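Please read the structure below before turning to the comments.
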Amino acid sequence: MKSQYFVPICRELINNPKATQRELASGGGISLGIVNATINQCKTEGLLESADAQGLFLTKKGLAELEKYRVRNAIILAAGFGSRCVPMTYETPKGLLSVYGEPMIERQIKQLHEKGITEIIIVVGYKKEHFDYLIDKYGVKLVFNPEYTTKNNLSSVYRVLPWLESSYLLMSDFWIENNIFNTYESRSWYSCQYFDVATAEWCVEVTASDKIASLAIGGSDAWAIVGPAYFSASFSAVFSEYVKEYYARPGTEDFYWEHILRDKIESLPMYINRQSGNVHEFENLDELRIFDPSYDKNAQSGIMRSISKVFDVSQSKIQNVKPIKKGMTNDSFLFSIGEKNYVYRVPGAGTDKLINRENEYSVYQIVSRLGLCEDIIYINPKNGHKIAAFFDNCRVCDPQDAKDVRMCMKKLREFHTSKLRVEHTFDIFGQIEFYEKLFGGSSCYRDYADTKAGIMELREYIDAQEKDWVLSHIDAVPDNFLFIGDGSGDFSEIRMIDWEYAGMQDPHVDIAMFAVYAMYDRKHVEALIDSYFDGGSCPPETRLKIYAYIASCGFLWSNWCEFKRTKGVEYGEYAMLQYRFAKDYYKVFNENKNRK
């Protein structure tokens, strides 16, 4: 007796003992001949028996046999951000977005419950607290993945290996119209949808028996994996060992669990479960609007309501919403209204502790009138949300291009010589102490105390130097110099963007900030200083002061990175190199000071 026939026939009989063999074939997705042969074999083995007009029933032995194929649980992966569904996912995890009034993850949970599957484990990460109510409402278990910002869903699967056995594995953001789950499953399968056009999904090739023979990312005129998967007990055991192996292997940070299935398909038997038109995955707001028209009027987003109010248009007029690569402090997305494009800035995690938004607002009131910054449409002085016009033909400074750097330094010098003023100051050393308090003072660097002591020694020298005191950008890094093109290849207009940290300070701090963000070596640092002074002579005392600023600013941003790390945001090499700047330029400062 083959389980792939026995189990679906039994599922149908449990619901309808009087079902005809033709009905069993239709409901089980198998041929009439196989149904007839399987029933006869099951009767011979004492698994099924007829009860005259009552129909066909499972015997005690048959029930025991069927129980071997009971689904143990379901695992739902819900740790990710869902970047393509911004702006809604800035406020709500994607799986909790409602479709036709019902959160996607809740619909899945209810469908699982309908089939008697009540042990449900949800892997959470981004906005994990939003899922807490599901514990009380449905009795689910939440498992936190601390690596959700730095690794792909292979790391989420790794967190739930203790529960992986006869399990459904699914993403929280699928909308499944008709319930495809079962109390009993005979073999491992993956829900697939047919694409007659090009798709970036994982596409499969299958054998005549519907076994998946290979997987590849992207394809057309092919079946692609979309929706839940089922892992049998034997599949789970083998797969779990591969997960441990891959997880421990360097270079798998961006891996999905499907990478394992692709690589090890010969030892991981998986079958196709064709579900075209039943399982829906929404990549962005446009797709949600097509499926659920209520998103046209109300996208379940305070940000969308804000845009609608600022421009005095209905939400349906807000089109072409696309995320921009995440910034270090904030997140941003593009949108259009009519023929014009805009950028919406959303403050990042922990930003409320880092940025005084009222100070930023006061800076923009000055620099926007002078055409120094982006074209501001709206800025909220309370929460830092900002809308600016999008420059279609623009690029940022290339810190390795000497011409670009010279142009940026000229722009920076012109800004400084304008001697603009605001009411607030950016205190480098005060911010160093402030960031340290935010991350609790427990640094990941073993020599932190010694490094800090050296940096704080520099304050006395810096304070003793003569300096201008003007509005400075503070975050004058290459990415914040925007070269605006006129369509003919001329990029001579430069705007400086992102003025969050701006305040009164020695303008030479901006040179140091450019250097540490560009991660310049000593040769490039010297060339940068010369560029700012336009080939003129930089006084030795000023050059020495800039070395001190480079050390201090490196330490400042290192502490900033340490705080962000406590919020689950890692900056890898950038964070390490900032700390390195602090130590190296403390030495450079002392070496040059001693030569005076």
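The values are calculated or read from the model by the stated rules, or taken from the named source; none is laboratory data. Note that the coordinates shown come from a computational prediction; the quantities given were computed from them, not determined experimentally. Please note: Cβ atoms are built from the backbone with ideal geometry, for glycine as well, and neighbour counts cover all protein chains shown. Remember, those area values only see protein heavy atoms, side chains included, never the ligands or the DNA or RNA. Shrake-Rupley method; radii C 1.70, N 1.55, O 1.52, S 1.80 Å.
General remarks:
- Hey, Y517 open to solvent by 10 Å² or more (accessible area, probe 1.4 Å), within 24 Å of L372 (Cβ to Cβ) and in contact with a helix residue (DSSP H, G or I) (Cβ under 8 Å, 6 or more places away or on another chain) or not: yes
- A residue that is surrounded by fewer than 16 Cβ atoms within 10 Å (Cβ to Cβ), among the hydroxyl-bearing types (S, T, Y), modelled with pLDDT of 95 or more and on the phi < 0 side of the Ramachandran plot cannot be found anywhere in the stretch 441-462.
- Test: residue in the stretch 213-227 that is in a loop (DSSP other than H, G, I, E, B) and open to solvent by less than 60 Å² (accessible area, probe 1.4 Å): no
- Scope the stretch 562-575; condition in a helix (DSSP H, G or I) and either at pLDDT 90 or above or of a type outside the set (A, V, I, L, M, F, W, C) (or both); matching residues: E562, K564, R565, T566, G572, E573, Y574
- Some residue of the stretch 72-86 being assigned to a helix (DSSP H, G or I), open to solvent by less than 60 Å² (accessible area, probe 1.4 Å) and under 30 Å from S308 (Cβ atoms): yes
- Looking only at the stretch 120-138, and only at residues there that are over 25 Å from the mean Cα position of the chain (by Cα) and open to solvent by 70 Å² or more (accessible area, probe 1.4 Å), the one that is farthest from I176 (Cα to Cα): D136
- Residues of the stretch 38-71 that turn out to be part of a helix (DSSP H, G or I), over 51 Å from the mean Cα position of the chain (by Cα) and not polar (S, T, N, Q), as a count: 3
- Inter-residue pairs, beta-carbon under 6 Å, first under 28 Å from Q365 (Cα atoms) and in the stretch 386-402, second open to solvent by 30 Å² or more (accessible area, probe 1.4 Å) and polar (S, T, N, Q), 6+ apart: F390/N341
- Of all residues in the stretch 177-195, those satisfying the criterion of being within 14 Å of I225 (Cα to Cα) and in a strand (DSSP E or B) are W189, Y190, S191, C192, Q193, Y194, F195.
- The one condition in (1) of a type in the set (F, W, Y); (2) out of contact with any Leu (no Cβ under 8 Å at 6 or more places or on another chain); (3) assigned to a loop (DSSP other than H, G, I, E, B) that Y378 fails to fulfil: (3)
- Within the option set L142, L164, being within 25 Å of V569 (Cα to Cα), open to solvent by 10 Å² or more (accessible area, probe 1.4 Å) and in contact (Cβ under 8 Å) with a residue 12 or more places away in the chain holds for one residue only, L142.
- In this entry, S276 passes the filter for residues that are of a type in the set (S, T, N, Q), in a loop (DSSP other than H, G, I, E, B) and touching a residue at least 60 places away in the same chain (Cβ under 8 Å).
- Any hit, the stretch 329-344, residues being among the hydrophobic types (A, V, I, L, M, F, W, C), farther than 20 Å from H473 by Cα, open to solvent by less than 20 Å² (accessible area, probe 1.4 Å) and touching a Pro at 6+ places or on another chain (Cβ under 7 Å): yes
- Taken over the stretch 296-326, the criterion of being outside any helix (DSSP H, G or I) and either open to solvent by less than 50 Å² (accessible area, probe 1.4 Å) or within 18 Å of V343 (Cβ to Cβ) (or both) is satisfied by A299, S301, V313, I318, Q319, N320, V321, K322, P323, I324, K325, K326.
Every residue, every condition in (1) within 19 Å of M513 (Cα to Cα); (2) crowded, with 19+ Cβ neighbours inside 10 Å; (3) in contact with a Ser or Thr (Cβ under 9 Å, 6 or more places away or on another chain), yes or no:
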site	(1), (2), (3)
T351	no, no, yes
L370	no, no, yes
D375	no, no, yes
Y378	no, no, yes
F390	no, no, yes
N393	no, no, no
V405	yes, yes, yes
R421	no, no, no
K437	no, no, no
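- Of all the criteria given as (1) open to solvent by less than 30 Å² (accessible area, probe 1.4 Å); (2) in a loop (DSSP other than H, G, I, E, B); (3) touching an Asp or Glu at 6+ places or on another chain (Cβ under 8 Å), the one not satisfied by E360 is (2).
- Test: residue in the stretch 197-210 that is open to solvent by less than 50 Å² (accessible area, probe 1.4 Å), touching a residue at least 60 places away in the same chain (Cβ under 8 Å), out of contact with any Ser or Thr (no Cβ under 8 Å at 6 or more places or on another chain) and not in a strand (DSSP E or B): yes
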